[in-house]
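*Asks:* Below you'll find the structure I mean.
The values are calculated or read from the model by the stated rules, or taken from the named source; none is laboratory data. What you are looking at is a predicted structure, and each value in this text was computed from that prediction instead of being measured. Positions of Cβ are generated from backbone atoms using ideal geometry, with glycine treated the same way; all protein chains shown enter the neighbour counts. Side chains are part of the model used for accessible areas, which takes the heavy atoms of the whole protein and leaves out ligands, DNA and RNA. Shrake-Rupley method; radii C 1.70, N 1.55, O 1.52, S 1.80 Å.
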Amino acid sequence: MDLNWTPQQNMLLRMVGEFTDNEIAPYDMQIDRDGKYPAGLFQKLVDTGFLGLMLPKEYGGAAFDPEITAEVIRRMAVGNASAAVTLEGHYKTLDQIIKFGTQRLKDDYLPTATKRIFAFSMTESTGGSNPLGIQTTAKRSGNGWILNGNKIMITNGGLAEVYCVLVKTAPEELSVFVVDKDMPGFSFGKQEDFIGLRGVPVGEIVLSDVHVDNDHLLGKVGDGPMLGDSAHDDARILMGAALTGIMEHALQVATDYAKERKALSTPIGQLQSIQRKLADITMGKETTKLLYQRAAALKLAGRPYSEEATMTKAYGSRTAVAACDDALQVLAGYGYSREYPLAHLMMDARAMEIAEGTVEKMRGQIATAELAK
Ligand SMILES: Cc1cc2nc3c(=O)[nH]c(=O)nc-3n(C[C@H](O)[C@H](O)[C@H](O)COP(=O)(O)OP(=O)(O)OC[C@H]3O[C@@H](n4cnc5c(N)ncnc54)[C@H](O)[C@@H]3O)c2cc1C
């Protein structure tokens, strides 16, 4: 289902489609093989204005609403899911600064977000699904705070220049601060060698006596869990869009192949067993799209969207892995070859059963929301 875009939105979406077709899709296989973006691609994303897409106009952005932002992510993910997820990580972080930052923090940082990537960092070796296990601390010092600890597996870690960081301000109290890579005591650590979304740098940051002003606290002291949930919700809508794009890509490959490949004289697309797979991929793609569009519409309307956003990613991630597996089976031996993108599409989708909350935790959240009704 396509939403009723305005003529101006349609023009912008056409530009996104052209950018994806010309600058991203041709490098899809190369990005997976090399484990990084081709030289110059990130700068093209910056120069074309993608970093400021959903940023309010007063900070130099294009003020895209949640529905069209998700549509951009979907269209880009058809070309390459890594590029879409790099933007997703940036947008969900900006969302939290827009919602919970002090005016001074917003004035200082948001105008730079059209050129610099922002990232949200919660995970540590001792705390992924269970944030109270983290060990990074913030201690009061004069008019500000001193931060110590390290964060791992951060989307865009190493590429991003500004990080929202979940810390302990007391043994049972979590808070979030904004840290700049140029602050004394900030350094980068290990980069992950992940099996999917190979273009996205995912890495560690190390904080060693990093001093931040009070203005760098997001929300209030103790708001960490609420902020983490809010970041997850915003990310999950965009991940639903990225997953839909991955399924669209897999479907294109599978249908093109099914029209050409013959079982003796019959195109395999005429076989019921192959048609069933194509139909399942199509239904999975369209249901995930409806879920993320519904969550985005609720967000745009200022209504609660947490459960819908969670369903989008919980359903969409498993569905996309199964869809890519079906598409791989349509191509059979060629599907299993790196000559075709299906293995990497499956691994790209697989990341989203883990990042921004595991499917196990998300099922718990959905059930808890239903039990509370
Ligand atoms: C591609 C990618 C990008 C990522 N980007 C970021 C990022 O930008 N920022 C960031 O902070 N982190 C990021 N992460 C880390 C990710 O958020 C964590 O991997 C995830 O939260 C799970 O934590 P864990 O790996 O420590 O697994 P664990 O928490 O150790 O979980 C192990 C298993 O136990 C289950 N489990 C554990 N606790 C519970 C529970 N309470 N209820 C139900 N099941 C449970 C899990 O579902 C899982 O199956 C990223 C990860 C990936 C793969």
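*Asks:* Give segment 110-140 a look and list any residue that's more than 15 Å from the ligand (Cβ to nearest atom) and either modelled with pLDDT under 95 or buried (at least 19 other Cβ atoms within 10 Å of the Cβ) (or both), or say none.
*Replies:* Scanning segment 110-140 gives LEU110, ALA113, ALA138.
*Asks:* Can you tell me which of (1) of a type in the set (S, T, N, Q); (2) outside any helix (DSSP H, G or I); (3) within 21 Å of GLU353 (Cβ to Cβ) is the one THR287 doesn't meet?
*Replies:* (2) is the only condition that THR287 fails.
*Asks:* Another question, then. All but one of (1) closer than 28 Å to LYS106 by Cβ; (2) modelled with pLDDT under 95; (3) among the small types (Gly, Ala, Ser) hold for SER175; which doesn't?
*Replies:* With (1) closer than 28 Å to LYS106 by Cβ; (2) modelled with pLDDT under 95; (3) among the small types (Gly, Ala, Ser) applied to SER175, the lone miss is (2).
*Asks:* Scan PHE120, PHE64 and give me the residue that is in a loop (DSSP other than H, G, I, E, B) and among the aromatic types (Phe, Trp, Tyr).
*Replies:* Answer to the check: PHE64.
*Asks:* Step by step: first the residues of segment 150-167, then only those that are open to solvent by 10 Å² or more (accessible area, probe 1.4 Å) and near the ligand (Cβ under 9 Å from one of its atoms), then the one that is nearest to LYS115 (Cα to Cα). Which residue is that?
*Replies:* By that ranking, first place goes to THR155.
*Asks:* Being open to solvent by 50 Å² or more (accessible area, probe 1.4 Å) and assigned to a helix (DSSP H, G or I) is true for just one of ASP193, ASP215, ASP229. Which residue is that?
*Replies:* It is ASP229.
*Asks:* Outside the structural domain of ALA84 (by TED's automatic domain parsing) and closer than 30 Å to ILE152 by Cα: is that true of MET283 in this structure?
*Replies:* no
*Asks:* Continuing with the same structure: Output the residues belonging to segment 206-238 that are near the ligand (Cβ under 10 Å from one of its atoms) and aliphatic (A, V, I, L, M).
*Replies:* ALA231, ALA235
*Asks:* If we keep just the residues of segment 313-330 that are hydroxyl-bearing (Ser, Thr, Tyr) and either farther than 17 Å from ALA81 by Cα or under 15 Å from the mean Cα position of the chain (by Cα) (or both), which is surrounded by the fewest Cβ atoms within 10 Å (Cβ to Cβ)?
*Replies:* Across segment 313-330, the extreme among qualifying residues is TYR315.
*Asks:* What residue, among those in segment 160-180 that are more than 21 Å from the chain's Cα centre (by Cα) and not in a strand (DSSP E or B), is farthest from SER208 (Cα to Cα)?
*Replies:* GLU172
*Asks:* What number of residues within segment 233-275 satisfy the criterion of being open to solvent by 10 Å² or more (accessible area, probe 1.4 Å) and within 30 Å of the chain's Cα centre (by Cα)?
*Replies:* Of the residues in segment 233-275, 10 are open to solvent by 10 Å² or more (accessible area, probe 1.4 Å) and within 30 Å of the chain's Cα centre (by Cα).
*Asks:* Looking only at segment 80-94, decide whether some residue is over 30 Å from GLY224 (Cα atoms) and within 15 Å of the chain's Cα centre (by Cα).
*Replies:* yes
*Asks:* Any residue in segment 102-128 that's of a type in the set (Asp, Glu): show its pairings with residues that are within 16 Å of the ligand (Cβ to nearest atom) at Cβ separation under 8 Å, as long as the two are six or more apart or on different chains.
*Replies:* Sorted first by the residue in segment 102-128, then by its partner, the pairs are GLU124/GLY133; GLU124/ILE134; GLU124/GLN135; GLU124/THR136; GLU124/GLY149; GLU124/ASN150; GLU124/LYS151; GLU124/ILE152.
*Asks:* Can you find, within segment 98-109, the residue that is farthest from LEU51 (Cα to Cα) among those that are of a type in the set (Lys, Arg) and open to solvent by 50 Å² or more (accessible area, probe 1.4 Å)?
*Replies:* Checked segment 98-109; the qualifying residue farthest from LEU51 (Cα to Cα) is ARG104.
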